[in-house]
Structure formats: C-alpha cells, structure tokens
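*Asks:* Have a look at this one.
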Amino acid sequence: MRPKVIAGNWKMHHGPSATRRFFSRFFSEFSPRFEGAEPTILIFPPAISLPAAAESRGGRPEIGLGIQNIHWESKGALTGEHSASMALAAGARFALVGHSERRHVFGETDAQVELKVAAAIRESLTPVVCVGETLDERRGGQVEEVIVRQLDAALLGVPEGAKKPILVAYEPVWAIGTGETATTDDVAEAHGILRRRLTEVRSDGFAQGVAILYGGSVKPGNAADLLAVADVDGVLVGAASLDPESFARIAESG
Ligand code: PEP
C-alpha cells in the first residue's frame with residue numbers, strides 16, 4: 001500500500017509572513033501522522049518563502065517542502081532562476097517539474113522537463129512530474145498520446161537504479177483553476193495508463209513505487225471521492241491549499 005500524499009502548490013501566493021501564519025493555523029487544525037519513511041504532506045511555497053516554511057515546519061518529518069520550478073544548471077548567468085542545490089539548501093526535498101503553467105505560460109518543453117528531472121535527482125530532490133492534456137487534446141481523443149509522451153520524456157531524466165522514485169501528478173489542464181474536476185472514471189483511466197506505461201518503460205517494481213497524484217480543482221468536498229479511485233495515491237491541490245482550514249480538511253481525507 002502506498003501512503004496517500006496530499007500536496008499543496010501555492011503558486012505565486014503567500015510570502016514569508018503569510019507562510020508563517022499558514023503553518024501556525026494548519027498545525028492547530030490538523031495533526032499529521034507520520035508512519036512511513038517519506039513525508040506525506042507536501043507544500044510547494046514560492047521559492048522566497050521556503051526558509052520561512054522550513055522554520056515554521058520545525059522538526060515535523062511528515063511535512064515535506066518543495067520548490068515549484070528549478071533550472072537544470074547548477075549555477076550561472078540565469079537571472080531569476082533557482083538551481084536544485086539552492087532549493088535543497090533552502091529546505092526543499094521535492095521539486096515540481098512540468099506544471100501546466102510552466103508548460104503553457106512559460107513555454108516549458110518536454111526536453112526541458114527531462115533536464116529538470118535529471119537535475120533534481122542529481123541534487124537529491126524528488127521530482128513531482130506533472131502531465132496532462134488540454135481540452136482540445138481531450139476532445140481530439142489524444143489523452144493517452146499526450147500523457148504518455150510527457151511521461152516518457154520525464155523518465156529519460158531518471159537514471160536507471162535511481163534510489164528514490166519520482167512522483168507523477170496527472171493534472172488535466174482544463175481542470176486546473178477552473179472549478180472543473182475530471183470524473184472519477186476519467187481519473188481512473190488516466191492513472192491506469194500512467195501506471196502501465198511506468199511498467200512498460202521501467203519495471204513493475206519501479207511502477208509500484210511511484211505515487212501518482214491527481215490534480216485539478218481538488219477541494220474538501222471532492223477529495224475523498226478522488227482519493228478512493230484506483231491508482232490515485234494522492235492529490236495535488238492549488239487554490240484550496242492556500243487556506244489552512246481547507247487544506248487540513250483535504251489532508252484528513254487521505
Ligand atoms: C495546480 O495548480 O496544480 C492545481 C491543481 O490547481 P487547482 O487545484 O487550483 O485547480
């Protein structure tokens with residue numbers, strides 16, 4: 001049994017002070033249990049808020065912190081970017097890679113996703129690889145083609161024998177920030193495709209070690225149903241993760 005992972009992507013919200021307020025309220029709302037070797041509540045604040053998040057989280061191993069984006073170079077003349085090693089030093093242990101806003105707003109390509117996955121693993125960050133189709137691609141019957149292509153590109157960045165597995169988040173682009181949630185049948189189908197592909201490209205053992213999260217308008221009212229779907233190992237939450245009460249309610253559904 002893979003433990004359920006509840007992840008919050010704060011996007012460009014919550015500076016350092018708001019981050020401290022979030023954690024104090026979250027801990028008064030919810031006491032995460034820690035039963036495994038890996039954290040099961042992941043928070044991705046803006047990079048500038050990572051030190052505040054690390055300080056507020058204290059010594060609680062059940063909470064993992066991540067960066068929302070990294071550059072694949074370790075340093076250089078790359079204004080505005082952060083390397084994986086910098087994220088690690090600021091308290092991150094995870095990195096979102098290929099989020100749909102990075103792909104569709106900032107033009108991130110599959111080839112860059114591969115480089116970012118490789119850079120994250122090289123620096124001991126666990127990548128959380130986001131894949132998902134647009135509405136046009138879904139209407140055109142291309143869901144499998146798109147998510148398999150995106151997954152394959154990311155897997156090229158994972159060295160054979162990598163000790164820590166990656167996480168994958170299936171996030172249909174049309175469901176992100178729109179209030180539209182994929183049906184549980186759509187989610188089961190997409191997660192099944194991803195699990196099968198992980199087995200085909202690597203091995204059954206590898207595939208079984210990869211948590212596949214669903215993301216797209218998850219909220220307290222739908223989290224339990226989504227978490228009950230076959231092959232859904234957790235959720236990646238955007239808007240509803242900004243509020244400590246609502247994120248706590250979602251975390252309780254896991
Ligand atoms: C996300 O940004 O990854 C996301 C799923 O956003 P929302 O929950 O707001 O749709």
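*Asks:* Only residues in region 95-124 that are free of Cβ contacts under 8 Å to residues at least 60 places away in the same chain and of a type in the set (A, V, I, L, M, F, W, C) count as the first member; pair them with residues that are within 14 Å of the ligand (Cβ to nearest atom) and assigned to a helix (DSSP H, G or I), Cβ under 9 angstrom, at least 6 apart or cross-chain, and list the lot.
*Replies:* Val113/Arg102; Val113/Arg103
*Asks:* When you look at Ala190, is it aliphatic (A, V, I, L, M) and either assigned to a loop (DSSP other than H, G, I, E, B) or within 11 Å of the ligand (Cβ to nearest atom) (or both), yes or no?
*Replies:* No; evaluated as a whole, the condition is false for this residue.
*Asks:* From the list Val158, Val168, Val113, pick out the single residue that is more than 16 Å from the ligand (Cβ to nearest atom), out of contact with any His (no Cβ under 6 Å at 6 or more places or on another chain) and modelled with pLDDT of 95 or more.
*Replies:* Answer to the check: Val158.
*Asks:* Pick from Glu123, Glu133, Glu108, Glu137: which is buried (at least 22 other Cβ atoms within 10 Å of the Cβ) and of a type in the set (Asp, Glu)?
*Replies:* Only one candidate passes the filter, namely Glu133.
*Asks:* Exactly one of (1) surrounded by fewer than 18 Cβ atoms within 10 Å (Cβ to Cβ); (2) among the hydroxyl-bearing types (Ser, Thr, Tyr); (3) not in a loop (DSSP other than H, G, I, E, B) is unmet by Ser49. Its number?
*Replies:* Here Ser49 clears every test but (1).
*Asks:* So for region 66-76 (the condition being within 16 Å of the ligand (Cβ to nearest atom), touching a Lys or Arg at 6+ places or on another chain (Cβ under 8 Å) and in a strand (DSSP E or B)), does at least one residue qualify?
*Replies:* Looking for residues that are within 16 Å of the ligand (Cβ to nearest atom), touching a Lys or Arg at 6+ places or on another chain (Cβ under 8 Å) and in a strand (DSSP E or B), one finds at least one in region 66-76, hence yes.
*Asks:* Any chance region 152-170 includes a residue that's outside any helix (DSSP H, G or I) and basic (Lys, Arg)?
*Replies:* yes
*Asks:* Ala182 fails exactly one of the following numbered conditions: (1) within 13 Å of the ligand (Cβ to nearest atom); (2) in a helix (DSSP H, G or I). What is the number of that condition?
*Replies:* For Ala182, the failing item is (2).
*Asks:* Something else: Between a residue in region 171-182 that is of a type in the set (D, E, K, R) and any residue that is within 8 Å of the ligand (Cβ to nearest atom), which pairs come within a Cβ distance under 8 Å, given they are 6 or more apart or on different chains?
*Replies:* Glu171/His99; Glu171/Ser100; Glu171/Cys130; Glu171/Gly215; Glu171/Gly216; Glu171/Leu236; Glu180/Gly216; Glu180/Ser217
*Asks:* Oh, and also: So, in region 205-239, how many residues would count as being near the ligand (Cβ under 10 Å from one of its atoms) and either closer than 15 Å to Ala169 by Cβ or modelled with pLDDT under 95 (or both)?
*Replies:* Residues in region 205-239 being near the ligand (Cβ under 10 Å from one of its atoms) and either closer than 15 Å to Ala169 by Cβ or modelled with pLDDT under 95 (or both): 10 in total.
*Asks:* Could you list, ordered by first residue, the pairs with Cβ atoms under 6 Å in which the first is in region 3-27 and within 12 Å of the ligand (Cβ to nearest atom) and the second is polar (S, T, N, Q), at least 6 apart or interchain?
*Replies:* That search, which allows pairs on different chains as well, returns Gly8/Ser241.
*Asks:* Test of understanding: among Gly91, Gly80, Gly98, which residue is modelled with pLDDT of 95 or more and surrounded by fewer than 15 Cβ atoms within 10 Å (Cβ to Cβ)?
*Replies:* It is Gly80.
*Asks:* Take region 77-110 and flag every residue that is more than 16 Å from the ligand (Cβ to nearest atom) and outside any loop (DSSP other than H, G, I, E, B). Explain how you work it out, then say what you get.
*Replies:* Within region 77-110, the first condition is being more than 16 Å from the ligand (Cβ to nearest atom), and the residues that meet it are 77-93, 107, 109-110.
Selection gives Ser83, Ala84, Ser85, Met86, Ala87, Leu88, Ala89, Asp110.
*Asks:* Has region 235-250 got any residue that is surrounded by fewer than 18 Cβ atoms within 10 Å (Cβ to Cβ) and within 15 Å of Ala182 (Cα to Cα)?
*Replies:* no
The values are calculated or read from the model by the stated rules, or taken from the named source; none is laboratory data. Please read these numbers as outputs of a predicted model, since none were measured by experiment. Neighbour counts are summed over all protein chains in view; Cβ atoms, including those assigned to glycine, are modelled from backbone coordinates with ideal geometry.
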